[in-house]
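Accompanying notes for the structure given below.
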Amino acid sequence: MAKAKAKKKAKSKSKVKRRKIAKKPARKVAKKVAARKPAAKAAPKPASPPPPPPPGERIGVVTHYYGHLFVAVVKLDPGTSLRVGDNIHVKGHTSDFSQRVESLQIGHAPVQEVGPHDDFGLKVANHAREHDVVYRVKPG
C-alpha cells in the first residue's frame, strides 16, 4: 500500500502545471542628438620634407645578427668590397650608427678584405637588425 501512495504522489506532482511569467518587452531609450557644429575646412598639410640623403655609398644589407657576439652577417651589393679600416654607417628602421670596421671574418677566419660573393661576419658596435642597410662613409 505504501508503494501505491508513493506512485500517486509522484503522479500528482508531475501533473501540476507551472505558470510561466510573461516577460515585459524592453523599453526603447531615446538617444540624445547633439547639435552639430559646421565643419571647418581643414588647411592643406604642408608637404613633408624630403628624406635626408644617404650617409654614403650603399654597399650591402644585414642578413642576420648574432646578439650574443655583436656580429652582423652582411650581403654585399654586386661590384662592392669592404676592408678592415673602412668607415661604415648602418641604418635601418630602429638602427642608426656609424663605426670603423675592426674585424671581418669568413668561416671564423679573420680576413682583411671581402667581396660581393663572400659570406662574412662583421663585428658591430651596436645592435643591427635584419634588412638594415650598410653604407660606406668617406672619412672626413
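Side notes on the structure shown:
- The conditions of being farther than 16 Å from D96 by Cβ, at pLDDT 95 or above and assigned to a loop (DSSP other than H, G, I, E, B) are not met by H64.
- Across segment 73-92, the number of residues qualifying as assigned to a strand (DSSP E or B) and either free of Cβ contacts under 8 Å to residues at least 60 places away in the same chain or among the aromatic types (F, W, Y) (or both) comes to 10.
- Some residue of segment 80-97 being surrounded by 14 or more Cβ atoms within 10 Å (Cβ to Cβ), among the aromatic types (F, W, Y) and within 19 Å of P53 (Cα to Cα): yes
- Under the condition of being in a loop (DSSP other than H, G, I, E, B) and either in contact with a helix residue (DSSP H, G or I) (Cβ under 6 Å, 6 or more places away or on another chain) or surrounded by fewer than 12 Cβ atoms within 10 Å (Cβ to Cβ) (or both), the residues counted in segment 98-118 number 5.
- Test: residue in segment 39-53 that is part of a loop (DSSP other than H, G, I, E, B), of a type outside the set (S, T, N, Q), surrounded by 10 or more Cβ atoms within 10 Å (Cβ to Cβ) and at pLDDT 80 or above: no
- Summed over segment 55-109, residues that are among the acidic types (D, E) and under 21 Å from the mean Cα position of the chain (by Cα) total 1.
- Scoring N126 on the criteria (1) surrounded by 15 or more Cβ atoms within 10 Å (Cβ to Cβ); (2) in contact with a Phe, Trp or Tyr (Cβ under 6 Å, 6 or more places away or on another chain) leaves a single failure, condition (1).
The values are calculated or read from the model by the stated rules, or taken from the named source; none is laboratory data. Keep in mind it's a predicted model, so treat the numbers as computed, not measured. Note: ideal-geometry Cβ built from the backbone for every residue, glycine included; neighbour counts use all protein chains shown.
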